[in-house]
1. Could you work out the mean count of beta carbons from other protein chains within 10 Å of each residue's beta carbon in A:348-358?
2. Regarding the protein assembly as shown, what are the three Cα extents along the principal axes, ordered largest first, in Å?
3. Nearest 10 degrees is fine. How inclined is helix A:277-296 to the longest principal axis of chain A, computing both from alpha carbons?
4. Would you list B:38, A:44 from fewest to most Cβ contacts within 10 Å?
5. With the Cα gyration tensor of the range B:151-221 giving a ≥ b ≥ c as the square roots of its eigenvalues, does the rule (a/c under 1.5 for rounded; else a/b larger than b/c for prolate; else oblate) give rounded, prolate or oblate?
6. Quick check: the distance between the Cα centres of the range B:51-100 and the range A:141-166, to the nearest angstrom?
7. In the range A:1-145, what % of DSSP beta bridges are antiparallel (nearest 5)?
8. Averaging sequence separations of C-alpha pairs under 8 Å and six or more residues apart, then dividing by the length of the range B:38-149, give the relative contact order as a whole percent.
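None of the figures in this text is laboratory data; all of them are computed from the coordinates on show. The structure presented is a predicted model; accordingly, all values stated were derived computationally and were not measured. Note that each Cβ is placed from the backbone with ideal geometry, even for glycine, and that neighbours are counted across all protein chains shown.
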């Protein structure tokens, strides 16, 4: 939680965080600012002190909505700095940041940098700034940053926002199920009122509308992947693909609060009308593993143990797993789970990057998403729910929704 | 244009570009890949050669839609690398990239880095990679990168995509005008059928729906800022704000193709029912400057000259400008224009960052957006259209739309 930051920073001897970029779709910034229309900003978080937000004059009112102490970048008169820097934008940019950090009282110590921003510009800027400020050590934490560690557990207000996004998402999922169940079937395909095949593109366009009605953004799109496409975990589903009766469709949806706040992440696999026998068999295995793992979640246990356990359970049922071959494309091919919050994938890690610090703790919110994939047999199957590890030890599904494989047709 | 890249790279002695991140909402990557659900990827563009895309196995089908040559990151067996790197994720990440670049035939020379990605992670990764590959000089180009230079002029296919996004956007603008013009007025406010004030939040929720219907994303939100809020250029408009008859509302809308392709950027300022006298006066000045500048746009002229000319015209009409005082909050307070493409703001620059290379060229697409701001008087006014500089020298507005200030009420 955010309240853990000072001690996490202390443990790594970090004096400050410097967070760059917008306060939109930029999780490190939004963690402190909330979603705000503040662009190309800089936030200085000194250990144990209130954050200071640098923003442009044009966005001063938006910056004020963050409730943070703010300073104007515009007041530094960039044009004057630019002229004095021989009209070299990199030197001018570095000099501007030197002045800003100095005014923030940051002239020495260890400073970790964050924020979604162009990789090259930032590399240039930080390299230039490092030369101008030799008493500061700028560090780029990789994968296990203090910010991701803090964010790995959520406070009650964050839980409520995640719950809200997830509930809104399952409402849309229910709308999709209802709409598709009312379609007619013809020659083994779902068809619209004109008798034409109902396509993946149509489903996605309805999903985007229904998400927009609820004030959710969908920056990464939606997976609605029938048949063989569902056999590759991140295949999105071809726009023109039809929906066949009996064939599994992997429906994985991960929208976010407007402007880039807290994410949902939710998957069901559906067969319309009926399930083919191989689909049903695969479903039974995935559901068994899903329910077994759900029943075994405990506080203060290693995330990697659940990945191992999932591999064990799938292997017992005769499926190849990533534990046996990290490059396998058949069977169980990915990680069981991931943290969910201001990024759709965040700590704790369950897969290849999991460390001894990746534990289920009170306040963890993680997906649980076992799946099986046989692309050459035209089959993919995944079930995913988001779970909140409550302080009382209970693993609570934040937005419960039926697990059914078959969506019966109503007509 | 993309075809200029080899010579632009040659001029800076760049042997390759390394582009990091997703193929969604990541302009540098999307320039080569198109919008594709490929995440955490790496693209190597060697000078004069076809790009090579590194992606994860789970996204191989999505990567194939880019039409580019691809390689699997998964096949490098990160877990093995991680173990050999003493379970240090930064060392493992740098080593993984060293292997990938080596396989791409990139072991020496000058390499510019791009892509939306976490600033700190990338700084760490590149610093680590630089140590492992001392024969490569990794550079972070700042502001005037070769990629932004190439993107500063558009080819015909890009023009058509920009035109399409802009036309879809003006259709939504027309829907908003039509909907609001049919509302009733009560006590000087627009009201809905229940007699309650129609708020900015309701307008924005309609806008998001109508954008979603057209397959457009709206990652940065919409400015719909009445009265004093419109007096600060980037104020978005408070959700609960009502819409007063006669009071100007700045409506600035900048959606993008689904997944983050080409942007629109479009502004009108509207008064419902009638315009107050101060609003009309301000509008007349802004419209005069808009039309004067539009009539003066010529190929192969310096962008900064138009910014100067705009200041001159506004000053002649008695308005303070950023030319007189770069920190002014009254009068003309921003740049006239910016390039428009895969980012909502890109080269050429017109404002503080404009250089001798910022020219209007055949293939430039730029906004023209003069505005005046008097926040203490509750007034803001801006008109913005996107202009394509055609090879025949004509400045073509890509999606013409009426400039009217007053939206008469129909009831």
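1. Numbers: counts 0, 1, 0, 2, 9, 7, 0, 3, 1, 0, 0.
Taking all residues of A:348-358 together, the mean is 2.
2. For the protein assembly as shown, the Cα spread along each principal axis is 82, 66, 54 Å.
3. Around 50 degrees separate the two axes.
4. Details: B:38 31, A:44 22.
Fewest-to-most ranking of B:38, A:44: A:44, B:38.
5. Values: a/c = 3.38, a/b = 2.88, b/c = 1.17.
It comes out prolate by the Cα gyration axes.
6. After rounding, the separation between the Cα centres reads 27 Å.
7. Numbers: 9 of 21 bridges.
The answer is about 45 percent antiparallel.
8. Working: 123 pairs, mean separation 20.8, N = 112.
Relative CO of the range B:38-149 lands at 19 percent.
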